[in-house]
Amino acid sequence: MTTSNAALSNLGAIDAAHHIHPFTDMKKLNAAGTRIIQRAEGSHIFDNHGKKYLDAFAGLWCVNVGYGRKEIADAVYQQMNELPYYNAFFGTTTPPTILLSEKITAHAGNLKHVFFTSSGSEATDTWFRMARIYWSHLGKPTKTHVIARRNGYHGSTVAGASLGGMKYMHEQGALPIEGIHHIGQPYWYVEGGDLTPAEFGLRVAKELEAKIDELGEDNVAAFVAEPIQGAGGVIVPPETYWPEIVRICKARNILLVADEVICGFGRTGSWFGHQHYGFEPDLAPVAKGLSSGYLPIGGVLVSDRVAEVIMSTDGRARPRRHRPLFREGIAGPDGPRHGWRRPIRRPDGRRTDGLRQEDPPALRKARRCRNAGAQQMRRSWPDHARHRRPHARLAAADHHP
């Protein structure tokens, strides 16, 4: 978005007045002022004063292919012109969804299936439910507890923040929720003491086995960890750690979840972090590098072991019943601002279609199409349709043959 110099000079004040930043002391930030990043090229970002920075953080662990990739922008523009969005409920999908699922799983080894989400946090909530559904389908409904690690990070939703092992996040809303437990982190440099890295890796991995014994194997659904802990301090585990974790999960019959939101899509030199360490998880949430931060997207990679159970034909709680919500709106900066007008009631009591002269042309056209569609539905409803209820942008009818 191109912004005039006059507007740029006022952005700091607007930010302080209206924008709440994540994980931020807003009082201190507003007193000091926000650094406003205006553009980027390759691995560098530029603030609104033209100062250049090396973005060693890659946005937020996500801009894996760098900024300014014209081929990505062109592909997004082409797709938005052709079909900006359609849902995957009701037996439908879209060509990009199909082809992307094939392309991702081609690089994911044993993870041959994917359930798409809008973020890494949402992916965490999805696999959390998926793991419980899996065991319930197998006739083991008590296997609901999940074990994670101290200082792990798995997102900022209620389930994600609970699974994460950061105390300051647990203080926000009486977390963690029931059924989530934490063990030690494989941080040899700080916690290894007199042990060698190999000895420490085995010792901290065995904490998982001890926690399973404490909770009861029949009560534990999964263990989740990042291949390399990111937000917790970029903690690289000793070489003995992951082989022992894999052995324990197999021996004790619990699902192994590799959180690939940060490590995935080349950050470790392999397509995924678990491949770097040579193990195969049952589930793997992904996001960030999936789009290199160009668009919000995430997903859960699913092994055959889990997919064959949760996609069984008995009709019970399948993953397709996970329903992330998307609001209606027009793509672009005017969408959220203008997309929620109610129909206007005129002085004579009649209702208009809600169009106003100040509405952008795209929105006016969309509303006319919406109203024409509702009228067509009324005309096409058969006589046996009962309780017809068109209202604003929603329309439905009960069907009685």
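The values are calculated or read from the model by the stated rules, or taken from the named source; none is laboratory data. For clarity, every value in this text was computed on a predicted model and none was experimentally measured. Heads up, the Cβs are rebuilt from the backbone with ideal geometry, glycines too, and the neighbour counts pull from every protein chain shown.
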Looking only at the stretch 260-290, and only at residues there that are part of a helix (DSSP H, G or I) and not small (Gly, Ala, Ser), the one that is nearest to TRP242 (Cα to Cα): HIS274
Please work out if ALA161 is assigned by TED's automatic domain parsing to the domain that holds PRO296, closer than 20 Å to ALA287 by Cα and at pLDDT below 95. yes
Can you say whether ASP213 is in a loop (DSSP other than H, G, I, E, B) and either assigned by TED's automatic domain parsing to the domain that holds LEU256 or modelled with pLDDT of 95 or more (or both), as far as the supplied structure shows? no
Is one or more of the residues making up the stretch 63-74 aromatic (Phe, Trp, Tyr) and surrounded by fewer than 16 Cβ atoms within 10 Å (Cβ to Cβ)? no
Residue that is surrounded by the fewest Cβ atoms within 10 Å (Cβ to Cβ) [pool: residues in the stretch 29-44 that are at pLDDT 95 or above and of a type in the set (D, E, K, R)]: GLU41
Determine, yes or no, whether GLY91 is at pLDDT below 95, in the same structural domain as HIS276 (by TED's automatic domain parsing), loosely packed, with under 12 Cβ neighbours inside 10 Å and at positive phi. yes
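Per-residue answers, yes or no, for (1) of a type in the set (Lys, Arg); (2) in contact with a Lys or Arg (Cβ under 9 Å, 6 or more places away or on another chain); (3) not assigned by TED's automatic domain parsing to the domain that holds VAL309:
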| position | (1), (2), (3) |
| --- | --- |
| HIS44 | no, yes, yes |
| CYS62 | no, yes, yes |
| ALA75 | no, no, yes |
| THR97 | no, no, no |
| HIS107 | no, no, no |
| VAL114 | no, no, no |
| SER118 | no, no, no |
How many residues are under 21 Å from the mean Cα position of the chain (by Cα) and not in a helix (DSSP H, G or I) when one looks only at the stretch 25-63? 3
Unique residue being within 20 Å of VAL300 (Cβ to Cβ) and in a helix (DSSP H, G or I) when the list is VAL246, VAL257: VAL246
